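To start, the structure under review is shown below, and the notes come after it.
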Amino acid sequence: MEFQRSGISLIYRLEIANKGNTFAKVASLVGNAGGDIAAVDVIRVTQDVVVRDVTINVANRDHGRQIADLLDGEPGIHVVAVSDRTFLVHLGGKLEVAPKIQVKNREDLSRVYTPHVARVCEAIHEDPSKAFQLTIKRNTVAVVSDGTAVLGLGDIGPYAAMPVMEGKAMLFKQFAGVDAFPICLDTKDPDEIVETVKRIAPAFGGINLEDISSPRCFYIEERLKQELDIPVFHDDQHGTAVVMLAGLMNAAKLIGKKLEDMKVVIVGIGAAGVACTKMLLSAGVKNIIGVTLEGILHRGKQYDNEIWNWYKEHTNPDNITGTLDDAIVGADVFIGVSGPGVLTVDHIKKMAADPIVFAMANPTPEIEPELAAPYVRVLATGRSDYPNQINNLLCFPGIFKGALAARASTINEEMKLAAAQAIASIIRENELREDYIIPSVFNQAVVQRVADAVAEAARRTGVARREVMPKDNY
């Protein structure tokens with residue numbers, strides 16, 4: 001299987017001499033330099049020059065600069081400007097606030113604002129639960145981050161985290177019709193984060209915690225779940241775990257193994273690793289071994305990290321010790337939520353027959369997919385340019401849509417398990433292939449099926465405050 005890597009798309013505004021075949025020189029120079037011309041637009045033509053916007057796919061920024069220098073050094077070609085298409089879509093931010101009702105006259109104004117809005121305020125004052133009916137709380141989520149664990153970039157702060165949180169809010173709206181707003185907090189103090197979120201909670205029907213570093217994220221989420229009566233969901237933990245389990249359910253079907261019989265090795269016991277472990281335990285997996293930089297987590301050692309102390313008591317039934325070299329022997333599944341270069345071909349060769357490898361570190365997986373492909377039965381990553389992407393986008397829009405529809409007070413384990421089963425069910429058994437165990441994020445059936453399953457699980461487990469009828473068709 002051949003994999004294609006995605007690069008950077010740049011727009012070069014070129015002033016080209018209006019004579020002969022000068023543009024052929026552009027195409028030749030770009031091609032010889034390893035660039036890929038994706039589009040050409042004529043901006044202006046004069047007697048002397050033609051101004052064109054040439055979109056070129058390049059490998060990275062340095063490659064883009066090399067092509068610019070090469071073009072600018074050619075007689076008859078002048079590089080006026082170079083624009084990054086990704087930066088262009090972020091100009092001025094990616095969100096706006098738009099009214100649902102147009103104010104066209106005084107009567108409209110009196111109803112949406114003073115004086116008639118006072119009656120709505122009084123109704124909510126008498127019965128606060130009416131805020132779910134009569135305000136944006138009904139369908140609005142706060143996307144909250146402190147910028148301490150953004151993508152693979154680490155602690156880059158709240159300002160730099162905003163583009164990611166804006167993007168998350170966009171996805172909520174486009175995929176699930178849920179309104180979301182980015183809230184980036186200029187504090188790393190867990191208690192300050194909890195108190196701030198509690199104070200803004202009246203405006204929101206749910207809280208999506210995002211890109212908050214471990215182990216602080218566990219404390220923050222747990223306190224908010226205890227002290228708020230609306231769903232709180234740390235997507236880096238639970239979204240990853242839900243989609244991972246959906247993929248593993250289908251991979252197990254494909255190779256003819258049962259989850260409860262599998263030996264699963266997880267490397268990276270942070271937020272996502274712990275959540276993946278809890279999901280697997282709830283799905284019936286019995287033999288899970290967690291591996292950190294300190295080695296296999298086992299009951300013979302006391303750890304400074306309290307989460308690891310919980311972990312050792314709930315996993316590793318045979319209490320084995322050592323490193324990944326020891327843990328991987330006979331493993332059916334490897335799950336990586338750590339970093340690049342952790343897994344080797346030699347490790348895979350020690351696994352059981354038909355090995356399943358979920359190398360989910362971003363942007364660089366635990367093993368290069370090209371290296372792993374000949375030795376694994378099923379391979380998944382966190383990247384969009386390889387098959388079987390473990391992408392949280394399959395999970396969080398539907399989970400919140402279902403939770404909001406049911407007016408759930410929390411998102412519990414049963415709701416998350418229902419979401420995983422719903423995602424897995426999108427692919428029929430006769431459609432399963434090694435490179436197709438997870439549906440596309442653009443599959444329109446996913447969000448509604450997840451939402452219906454989550455709402456039903458909320459009702460079944462007694463956390464729903466509103467009855468929701470599931471949809472019959474997808």
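The values are calculated or read from the model by the stated rules, or taken from the named source; none is laboratory data. These numbers come from a predicted model, not from an experiment. Virtual Cβ from ideal backbone geometry, glycine too; neighbours counted across all protein chains shown. Accessible surface is based on the protein model in full, side chains and every heavy atom, while ligands, DNA and RNA are left aside. Shrake-Rupley method; radii C 1.70, N 1.55, O 1.52, S 1.80 Å.
General remarks:
- Taken over the range 406-420, the residue count meeting the criterion of being assigned to a helix (DSSP H, G or I) and surrounded by 22 or more Cβ atoms within 10 Å (Cβ to Cβ) is 5.
- The numbered conditions (1) of a type outside the set (A, V, I, L, M, F, W, C); (2) under 27 Å from ALA283 (Cα atoms); (3) under 16 Å from the mean Cα position of the chain (by Cα); (4) at pLDDT 95 or above are all true for LYS168 except (2).
- Among helices (runs of 4 or more DSSP H) entirely within the range 82-196, having at least 1 residues that are acidic (Asp, Glu), free of Cβ contacts under 8 Å to residues at least 24 places away in the same chain and open to solvent by 40 Å² or more (accessible area, probe 1.4 Å) singles out 106-112, 117-126.
- Failed item in (1) among the β-branched types (Val, Ile, Thr); (2) in contact (Cβ under 8 Å) with a residue 40 or more places away in the chain; (3) out of contact with any Gly (no Cβ under 7 Å at 6 or more places or on another chain), with ILE426 passing the rest: (2)
- Members of the range 345-362 that are charged (D, E, K, R) and either within 25 Å of the chain's Cα centre (by Cα) or at negative phi (or both): ASP346, LYS349, LYS350
- Residue in the range 360-372 that is assigned to a helix (DSSP H, G or I), in contact with a Pro (Cβ under 8 Å, 6 or more places away or on another chain) and among the β-branched types (Val, Ile, Thr) present: no
- Residue match in the range 427-437 (condition: in a loop (DSSP other than H, G, I, E, B), among the aliphatic types (A, V, I, L, M), modelled with pLDDT of 95 or more and within 19 Å of ALA275 (Cβ to Cβ)): no
- Residue in the range 377-392 that is farther than 16 Å from ILE438 by Cβ and over 20 Å from the mean Cα position of the chain (by Cα) present: no
- Count of residues meeting criterion [part of a loop (DSSP other than H, G, I, E, B) and either open to solvent by 10 Å² or more (accessible area, probe 1.4 Å) or within 16 Å of VAL265 (Cα to Cα) (or both)] in the range 391-405: 1
- So ILE220, is it modelled with pLDDT of 95 or more, assigned to a helix (DSSP H, G or I) and in contact with a Pro (Cβ under 6 Å, 6 or more places away or on another chain): yes
- Pick from the range 35-77, criterion of a type in the set (S, T, N, Q) and open to solvent by 80 Å² or more (accessible area, probe 1.4 Å), ranking: farthest from ILE8 (Cα to Cα): GLN47
- Which listed residue is open to solvent by 60 Å² or more (accessible area, probe 1.4 Å), within 22 Å of THR381 (Cβ to Cβ) and in contact (Cβ under 8 Å) with a residue 12 or more places away in the chain, from GLU456, GLU434: GLU434
- For the range 443-453, the tally of residues that are open to solvent by 30 Å² or more (accessible area, probe 1.4 Å) and either under 12 Å from ALA405 (Cα atoms) or hydrophobic (A, V, I, L, M, F, W, C) (or both) stands at 1.
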